[in-house]
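The values are calculated or read from the model by the stated rules, or taken from the named source; none is laboratory data. It should be emphasised that the depicted structure is a prediction, and the values quoted were computed from it without experimental measurement. Cβ: placed from backbone, ideal geometry, glycine included. Neighbour counts: every protein chain shown. Heads up: the accessible areas ignore ligands, DNA and RNA and are worked out on the full protein's heavy atoms, side chains in. Shrake-Rupley method; radii C 1.70, N 1.55, O 1.52, S 1.80 Å.
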Amino acid sequence: MKVLVINCGSSSLKYQLIDMSNTEVLAKGLAERIGIYGSRLKHTPKVGDTVIIEGAMPSHKDAVKYVLDALMDKDYGVIQSTDEINAVGHRIVHGGEEFSTSTLLTDDVIAAVDACSDLAPLHNPANLIGIDACKQLMPNTPMVGVFDTAFHQTMPGKAFIYGLPYELYEKHKIRRYGFHGTSHSFVSKRAAEMLGKDIKDTKIIVCHLGNGASICAVKGGESVDTSMGLTPLEGLIMGTRSGDIDPAIFEFLHKKEKLTIEEIMDILNKKSGALGISEVSSDFRDIEDEMEKGNEKAILTMDVYNYRVAKYIGAYAAAMNGVDAVVFTAGLGENNKDMRKDVCDYLGYLGVKVDEEKNNCRGTERDFSAEGATVKTFVIPTNEELMIAQETVTIVNK
Ligand code: AMP
């Protein structure tokens, strides 16, 4: 069975075609600048070089056409016809309280996803456009929606209810939802295997530290708390997002800087976090380079970042009354050994002990706990596309 995984943003579309008989990625790529000048497709087949295909993509439907043409191209294609694509798995950011599992995208389901758009106005409309474009071009191929929020629907009320008037939850569904669910689920399952335990008997803290970042407490295989909230702005310091702040800063900024709601949201989402503190970059590789040169703001950025991660791990160890493994994943989690060591140094009281030699790795699965550690520390590369494809197969076969 071949599954096309689609991750559609407002002006971009990422894809992977995966052969699920052996989980081989047959081709992957990215259509960029959809709807604006200079659109192009970057396509990488399993054998051969990446090709850049430039051409007009006024809409997402055009982008999907380019993707399908690239997949069927006689030189760099990997299939003969779209009939070989047995199903399409769509990443959908927000499923609200409606979706606690992946779902076949029927017309009713698509309408329900649309109804969740208020909760993710930047993401869900783009996801829906991608679904519509694929449905138009492959009307007979089953489409499955895999939600970033679904894994966290197991959180108990004490974790998802904010300290706001309850009627705001009843009226507008204002609550913690959490994101990166596909990654937290994938990584925690693998961590249980590495622990050699039934996942039902495990307490795992997953740190998904990429450009967006969140932590999840996974008890018995279920999410019981997570750091992102109603939106992906809450929680950790991220590349450009502030994470947790005192909500009164909003009014303060409005009064002092005469900023509108939109301008403040722009600061919190796009000009804060690592970029905002370091004044260098949102990319932690640039921040590492500046740290080596002795840039104090870059050093402070990493200190603030690591401290916040460690505080959340402490909180989630308390929430679960213990922890068996702390797992690092995504761009920064998989690649930055100094961050991992620094975070783990806060956790000695829990029984975390790092073997620095084993921690010296990038992008590879690794148990980097030292001998005698009672809480394991792992690096586990995330693979959201594979997880989406696996979910898609499960739903289609039902
Ligand atoms: P992601 O969103 O998972 O793709 O992660 C992106 C972020 O991970 C980048 O902005 C970098 O800050 C960080 N990252 C990726 N690769 C490396 C690396 N080799 N070393 C350090 N940080 C990295």
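So, in the stretch 364-379, exactly how many residues are assigned to a loop (DSSP other than H, G, I, E, B), more than 16 Å from the ligand (Cβ to nearest atom) and either more than 18 Å from residue 313 (Cβ to Cβ) or touching a Gly at 6+ places or on another chain (Cβ under 9 Å) (or both)?
4
Would you please name the residue that is least open to solvent (accessible area, probe 1.4 Å), looking only at residues in the stretch 343-363 that are in a loop (DSSP other than H, G, I, E, B) and within 12 Å of residue 377 (Cα to Cα)?
From the stretch 343-363, those in a loop (DSSP other than H, G, I, E, B) are 346-347, 351, 353, 355, 360-363; that's our starting set.
Narrowing the set further to residues that are within 12 Å of residue 377 (Cα to Cα) leaves 347, 351, 353, 355.
Working: 347: 2, 351: 17, 353: 105, 355: 43 Å².
Ranking the candidates gives 347 first.
Within the stretch 190-210, identify whether any single residue is touching a strand residue (DSSP E or B) at 6+ places or on another chain (Cβ under 7 Å) and over 30 Å from residue 96 (Cβ atoms), and answer yes or no.
yes
Among the listed residues 304, 327, which satisfies the condition of being within 16 Å of residue 369 (Cα to Cα) and within 23 Å of the chain's Cα centre (by Cα)?
327
Taking residue 207 and the conditions (1) within 16 Å of the ligand (Cβ to nearest atom); (2) surrounded by fewer than 24 Cβ atoms within 10 Å (Cβ to Cβ); (3) not polar (S, T, N, Q), which numbered condition does it fall short on, given that it satisfies the others?
If we test residue 207 against (1) within 16 Å of the ligand (Cβ to nearest atom); (2) surrounded by fewer than 24 Cβ atoms within 10 Å (Cβ to Cβ); (3) not polar (S, T, N, Q), just (2) comes out false.
Test each condition in (1) touching a residue at least 60 places away in the same chain (Cβ under 8 Å); (2) of a type outside the set (Phe, Trp, Tyr); (3) on the phi > 0 side of the Ramachandran plot for residue 207 and report the one that comes out false.
Checking residue 207 against (1) touching a residue at least 60 places away in the same chain (Cβ under 8 Å); (2) of a type outside the set (Phe, Trp, Tyr); (3) on the phi > 0 side of the Ramachandran plot, the one that fails is (3).
Could you identify the single residue in 392, 377 that is closer than 19 Å to residue 188 by Cβ and among the hydroxyl-bearing types (Ser, Thr, Tyr)?
Values: 392 fails: closer than 19 Å to residue 188 by Cβ.
None of the other options fit; the residue is 377.
Count, please, the residues in the stretch 24-79 that happen to be without any contact (Cβ under 8 Å) to a residue 24 or more places away in the chain and of a type in the set (S, T, N, Q).
The total comes to 2.
Please determine, by comparing only the residues of the stretch 324-342 that are outside any helix (DSSP H, G or I) and within 26 Å of residue 220 (Cα to Cα), which one is farthest from the ligand (Cβ to nearest atom). Before you say what the answer is, go through the steps one by one.
First pass over the stretch 324-342, keeping only residues outside any helix (DSSP H, G or I): 324-329, 336.
From what is left, the residues that are within 26 Å of residue 220 (Cα to Cα) are 324-329.
On the way: 324: 24, 325: 20, 326: 18, 327: 14, 328: 11, 329: 8 Å.
Among residues in the stretch 324-342 that are outside any helix (DSSP H, G or I) and within 26 Å of residue 220 (Cα to Cα), the one farthest from the ligand (Cβ to nearest atom) is 324.
Return yes when residue 53 is over 25 Å from residue 383 (Cβ atoms) and out of contact with any strand residue (DSSP E or B) (no Cβ under 7 Å at 6 or more places or on another chain) and no when it is not.
no
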